[in-house]
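Student: Before anything else, here's the structure in question.
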Amino acid sequence: MADPIIWLLLGRKLGDNTQILALAEQLGYPYQGKKILARSWELIPHLLHGATLAGIDKTRSSPLRAPWPDLVITAGRRNEPVAHWIRRQSGGHSKLVHIGRPWSALSNWGLIVTTPQYFLPAQDNVVHNRLPLLRMPGDQQRERALALRSRLQDLPPPYTALLVGGDSGRFVFTTSKGRQLGRAVNRLVADCGGSLLLTDSPRTPSASFDALLQEITVEHFCYRWRDGGKDNPYLGYLALAEQLVVTGESMSMLAEASATGKRLHIFDMGDGVTPWWRCLHNYRYKPLSHHFAMRFGPTRMRRDIGKIQQALVDSGQAVWLGQQISEAPVSVPAADEELELSAVRVRGLLASTVEDTNSGN
């Protein structure tokens with residue numbers, strides 16, 4: 001029997017692409033990556049038409065033509081209309097898998113693979129995982145670790161890695177929070193000994209990271225994305241560090257840090273008990289739109305990554321930065337176990353596609 005035709009709709013968001021690729025590789029079948037680049041005004045046609053290519057830049061995106069796929073895997077709002085368009089061209093043959101939270105009705109999808117920050121219901125076509133899907137690249141980690149050791153030869157171990165994200169939803173990484181994080185992680189390393197390995201990300205406000213660095217007095221190695229994104233030591237950090245500190249707004253960083261099984265500290269970038277309207281930094285597009293969506297939007301359109309943070313803390317896999325880590329063993333599903341369970345569900349969906357084809361439907 002011929003292998004199924006599988007298309008992956010890959011966009012600009014690396015976190016979405018990582019999950020799509022992880023699931024596709026776990027399936028064990030050949031697949032084709034389709035680069036989809038949306039136009040800046042794509043929201044308008046996407047809201048007006050459920051199945052359309054009107055919002056994408058066709059000259060810069062991969063061609064989409066027959067033979068149509070048996071399975072399409074996508075993530076993110078921008079690629080949803082494209083997935084629906086492909087299914088329409090296939091005469092309804094193509095099965096659609098969405099990772100995360102779809103904007104269109106849940107019944108439009110063969111399968112949805114989601115995580116706690118989305119408020120999706122428990123139903124037959126929804127798979128609920130604790131953390132985003134990922135495959136930890138062991139070979140790349142070892143290579144990056146070896147390459148990084150020579151750059152760290154003057155820094156004493158053990159290493160603490162600080163992975164800094166940026167603004168996302170209700171989380172705004174201000175200069176004040178940068179100073180707070182810098183003081184807290186500096187104190188942690190001073191107490192534990194060794195050195196600090198730190199990196200920002202493309203979303204990190206430069207002024208906030210500068211404020212953080214001003215608080216660092218322990219021996220450290222710093223990598224900055226503004227230097228061009230070359231020789232990124234991120235995977236090396238994950239391999240060499242004995243404990244990790246992450247800002248809590250990034251699903252991908254939380255999942256990758258948690259998958260290492262190392263001591264994990266989460267820096268809370270929220271505003272505590274202060275009402276959101278009393279913080280000037282919340283009067284920007286992203287935090288403002290988030291608060292309005294949480295207040296007035298339908299349940300399935302809401303997003304609160306704080307639910308992932310709290311789940312990690314409640315399970316004992318992580319602590320809030322500044323709290324004591326428990327050495328008690330934690331019994332929770334491993335990331336690779338959740339990935340395989342998700343793949344099993346997708347294989348079942350593919351099997352139904354074959355049955356439909358053989359029956360002439």
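The values are calculated or read from the model by the stated rules, or taken from the named source; none is laboratory data. Quick caveat, the model's predicted, so the values are computed rather than measured. As a convention, Cβ positions derive from the backbone with ideal geometry for all residues, glycine included, and neighbour counts pool all protein chains shown.
Student: Which of the residues that make up the range 10-35 are over 22 Å from A255 (Cα atoms) and touching an Asp or Glu at 6+ places or on another chain (Cβ under 9 Å)?
Tutor: Hits for the range 10-35 are Y29, P30, Y31.
Student: Hey, another quick one. Filter the range 113-151 down to the residues that are hydroxyl-bearing (S, T, Y) and either under 19 Å from the mean Cα position of the chain (by Cα) or surrounded by 19 or more Cβ atoms within 10 Å (Cβ to Cβ) (or both) and list them by number.
Tutor: Hits for the range 113-151 are T114, T115, Y118.
Student: Another question about this same structure. Restricting the first residue to the range 1-12 and requiring it to be in a strand (DSSP E or B), which pairs with a second residue that is modelled with pLDDT of 95 or more and of a type in the set (G, A, S) meet a Cβ separation below 7 Å and a spacing of at least six or different chains?
Tutor: I6/A24; L8/A24; L8/G33; L9/A83; L10/G33
Student: A follow-up question, please. Mind checking whether some residue in the range 304-325 is modelled with pLDDT under 85, aromatic (F, W, Y) and not assigned by TED's automatic domain parsing to the domain that holds A105?
Tutor: Looking for residues that are modelled with pLDDT under 85, aromatic (F, W, Y) and not assigned by TED's automatic domain parsing to the domain that holds A105, one finds none in the range 304-325, hence no.
Student: Check the range 69-78 and report whether any residue there is assigned to a helix (DSSP H, G or I), over 30 Å from Y237 (Cα atoms) and either assigned by TED's automatic domain parsing to the domain that holds V346 or touching a Lys or Arg at 6+ places or on another chain (Cβ under 6 Å) (or both). Talk me through it step by step, then tell me what you get.
Tutor: We begin by selecting, within the range 69-78, every residue assigned to a helix (DSSP H, G or I); these are 77-78.
After this cut, where a residue has to be over 30 Å from Y237 (Cα atoms) as well, the list is 77-78.
From what is left, the residues that are either assigned by TED's automatic domain parsing to the domain that holds V346 or touching a Lys or Arg at 6+ places or on another chain (Cβ under 6 Å) (or both) are 77-78.
Taking every residue of the range 69-78 in turn, at least one turns out to be assigned to a helix (DSSP H, G or I), over 30 Å from Y237 (Cα atoms) and either assigned by TED's automatic domain parsing to the domain that holds V346 or touching a Lys or Arg at 6+ places or on another chain (Cβ under 6 Å) (or both).
Student: In the range 79-103, how many are of a type outside the set (A, V, I, L, M, F, W, C) and either in a helix (DSSP H, G or I) or under 28 Å from I308 (Cα atoms) (or both)?
Tutor: First, pick out the residues of the range 79-103 that are of a type outside the set (A, V, I, L, M, F, W, C): 79-81, 84, 87-95, 98, 100-102.
Those left that are additionally either in a helix (DSSP H, G or I) or under 28 Å from I308 (Cα atoms) (or both): 79-81, 84, 87-89, 98, 100-102.
Going through the range 79-103 one residue at a time, the tally reaches 11.
Student: Sticking with this one: Regarding the range 17-28, can at least one residue be identified that is part of a loop (DSSP other than H, G, I, E, B), touching a residue at least 60 places away in the same chain (Cβ under 8 Å) and under 18 Å from N129 (Cα atoms)?
Tutor: no
Student: Which is more than 22 Å from the chain's Cα centre (by Cα) and outside the structural domain of M251 (by TED's automatic domain parsing), of R101, R87, R12? First the steps, then the outcome.
Tutor: Values: R101 fails: more than 22 Å from the chain's Cα centre (by Cα); R12 fails: more than 22 Å from the chain's Cα centre (by Cα).
Of the residues listed, the single one that is more than 22 Å from the chain's Cα centre (by Cα) and outside the structural domain of M251 (by TED's automatic domain parsing) is R87.
Student: Turning to a different aspect of this structure: Would you confirm whether any residue within the range 104-117 is part of a loop (DSSP other than H, G, I, E, B), free of Cβ contacts under 8 Å to residues at least 24 places away in the same chain and not assigned by TED's automatic domain parsing to the domain that holds R263?
Tutor: We begin by selecting, within the range 104-117, every residue part of a loop (DSSP other than H, G, I, E, B); these are 104-105, 109-110, 115-117.
Remaining after also requiring free of Cβ contacts under 8 Å to residues at least 24 places away in the same chain: 105, 109.
Adding the requirement that they be not assigned by TED's automatic domain parsing to the domain that holds R263 leaves 105, 109.
Yes, that holds for at least one residue.
Condition check ((1) assigned to a loop (DSSP other than H, G, I, E, B); (2) free of Cβ contacts under 8 Å to residues at least 60 places away in the same chain; (3) aliphatic (A, V, I, L, M); (4) touching a Leu at 6+ places or on another chain (Cβ under 9 Å)) across all residues:
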{"site": "A207", "(1), (2), (3), (4)": "no, yes, yes, no"}
{"site": "R226", "(1), (2), (3), (4)": "no, yes, no, no"}
{"site": "L238", "(1), (2), (3), (4)": "no, no, yes, yes"}
{"site": "L244", "(1), (2), (3), (4)": "no, no, yes, yes"}
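Student: Scan L213, L235, L254 and give me the residue that is surrounded by fewer than 23 Cβ atoms within 10 Å (Cβ to Cβ) and within 17 Å of the chain's Cα centre (by Cα).
Tutor: The match here is L235.
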